[in-house]
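A short worksheet on the structure shown next.
The values are calculated or read from the model by the stated rules, or taken from the named source; none is laboratory data. In this text the structure is predicted, and so the values were computed from the model without any measurement. Note that we place each Cβ from the backbone using ideal geometry, even for glycine, and neighbour counts take in every protein chain shown.
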Amino acid sequence: MAMSVVTSKNTMATYYGTQATQIGLATAAQSTTSTITNEVTGGSPAYARVATTWGGASSSAITGTSVTINIPTTTTVTHALLCTAATGASTLFDWCQVTSTTYNAQGSAIITPTFTMS
């Protein structure tokens, strides 16, 4: 059953934002568990998850602040990770596919997370 009440959708979107505090990147899809696999590593400056600050939910959606994530040479990014902590393998809250991009040199990606409760 789909949710119909916008206030309820906003409540769910707000909860999503309180859990997904860190944004990361991966080179492949994740499983349906909270364990992260294929997370990007390495580089100089080094790859690391970056904290986002979520705004208030409105119209069934919530948006976080843009984050810049370092990506090492010869890395193909295919998925974004929404994590509950800055480190740790068992911190996956959710993930999504992004446009596959190969970095042939050290680079960075700017991610602006948005979650919409439908």
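Structure data summary
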quantity: Residue in region 41-59 that is of a type in the set (A, V, I, L, M), under 30 Å from residue 4 (Cβ atoms), in contact (Cβ under 8 Å) with a residue 40 or more places away in the chain and in contact with a Ser or Thr (Cβ under 9 Å, 6 or more places away or on another chain) present; calculated: yes
quantity: Criterion violated by residue 94 - all others in (1) modelled with pLDDT of 95 or more; (2) under 16 Å from residue 14 (Cα atoms); (3) in a loop (DSSP other than H, G, I, E, B) satisfied; calculated: (3)
quantity: Verdict on residue 105 being assigned to a loop (DSSP other than H, G, I, E, B) and either within 23 Å of residue 44 (Cβ to Cβ) or touching a residue at least 40 places away in the same chain (Cβ under 8 Å) (or both); calculated: yes
quantity: Test: residue in region 101-118 that is surrounded by 12 or more Cβ atoms within 10 Å (Cβ to Cβ), of a type in the set (A, V, I, L, M), in contact with a Lys or Arg (Cβ under 6 Å, 6 or more places away or on another chain) and under 24 Å from residue 3 (Cβ atoms); calculated: yes
quantity: Cross-chain or 6+ apart pairs with Cβ under 8 Å, region 1-22 first and at pLDDT 95 or above and crowded, with 20+ Cβ neighbours inside 10 Å, then among the aliphatic types (A, V, I, L, M) and assigned to a helix (DSSP H, G or I); calculated: none
quantity: Failed item in (1) at pLDDT 95 or above; (2) surrounded by fewer than 18 Cβ atoms within 10 Å (Cβ to Cβ), with residue 26 passing the rest; calculated: (2)
